[in-house]
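Each remark here refers to the structure printed beneath this line.
Every read-out reported here was derived from the displayed coordinates using simple, explicitly stated rules and does not represent laboratory data. As the structure is a computational prediction, the values presented were derived from the model and not from experiment. Backbone-built Cβ (ideal geometry, glycine too); neighbour counts: all protein chains shown.
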Amino acid sequence: MTEIMDELKKAIVEGDEDLALEKLEECLNAGEKPAELLEKAVVAGINEAGQLWQENEYFLPDVILSAEAFKAVMAELGPKLAGADVKSRGTVLIGTVEGDMHDLGKSIVIAMLSSAGYQVHDLGVDVPADTFIEKTKELKPDILGLGAYMSTTMEYMRDIIQRLVDEGIRNQVKVLVGGVPTSAEFAAEIKADAWGKDALDAVEKANQLLG
């Protein structure tokens, strides 16, 4: 990783939005590839901030600042990733389930899927089961991504998958679940097709699902 990429990563870790945008522009002007910037600086930076939070080195306000820097950089970098010469792999419809307002993990997954060549439709957070079903019928995605970041909301994933069965469309879409309280065992229990332990693994599982 180049020195300037490391400076971009550091700006995201420290939650310095203005500096992060400045370093992003410097990286792009220096000819750094958007996909490489995403993986080695942007996602690496936000992951490090999350790790610092888990280790009690960061408090919630620190993580929020890092998240804002991450989102600002992705707003600039995202269109460049979409325009990159990446073979289209498929379509993903993704959202955080009802009652859950967590956005950061989903944002990282979206960034990684986009860089891997997926067209991603983001339903946002606190998404009711009805919306997942309606949009699945409307957009006909290859993969439906369900995120839950609290143990109190993860059961909604089970409800959504059952609704897909009830509506007769379960066999038309692969279901990929993820989030802190989830596990491979939980994914198997609710009859999801795959579980992503983190953003990189989610891309790997998406690739496996679509062969």
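Lys-Lys pairs in segment 36-177 that are eight or more residues apart or on separate chains and whose Cα atoms lie under 23 Å of each other come to 17. Quick one: helix 17-29 against the long Cα principal axis of the chain, what's the angle to the nearest 10°, folded into 0 to 90? Roughly 80 degrees between the two axes.
For each of 183, 66, 88, count neighbouring Cβ atoms within 10 Å of the residue's Cβ, then give the residues from fewest to most. Please list the in-between numbers first.
Details: 183 15, 66 28, 88 8.
Going from sparsest to densest Cβ surroundings: 88, 183, 66.
Using R₀ = 22 Å, calculate the FRET efficiency as 1/(1 + (r/R₀)^6) where r is the Cβ-Cβ separation of residue 51 and residue 7; round to 0.05.
On the way: r = 19 Å, r/R0 = 0.87.
E(calc), rounded to 0.05, equals 0.70.
How high is the relative contact order of segment 3-82? Use alpha-carbon pairs under 8 Å, at least six apart in sequence, and give a whole percent.
Values: 89 pairs, mean separation 34.9, N = 80.
Rounded, it is 44 percent for segment 3-82.
When the Cα centres of segment 152-177 and segment 91-145 are compared, how far apart do they sit, in Å? Going from one Cα centre to the other spans 13 Å.
With q set to 0.23, 0.24, 0.29 Å⁻¹, the log10 of I(q)/I(0) for segment 151-211, from the Debye formula over equal scatterers at the Cα positions, is -0.96, -1.02, -1.26.
Across the alpha-carbon atoms of segment 90-210, the computed radius of gyration and Dmax are 12.4, 34 angstrom. In percent, rounded to a whole number, the relative contact order of the chain is 17, using alpha-carbon pairs under 8 Å and six or more apart.
Under a Cβ-only charge scheme (Lys and Arg +1, Asp and Glu -1), can you give me the dipole magnitude of the chain about the Cα centre, in debye to the nearest 20?
On the way: 20 positive and 39 negative charges, 225 e Å.
Dipole of the chain, to the nearest 20 debye: 1080 debye.
By per-residue mean of other Cβ atoms within 10 Å, what is the highest-first order of 108-118, 185-195?
On the way: 108-118: 23.5, 185-195: 16.7.
Listed from highest to lowest mean packing, they are 108-118, 185-195.
Of 137, 106, 23, the residue with the greatest mean-square motion in the GNM of the chain, using alpha carbon springs below 10 Å, is 137.
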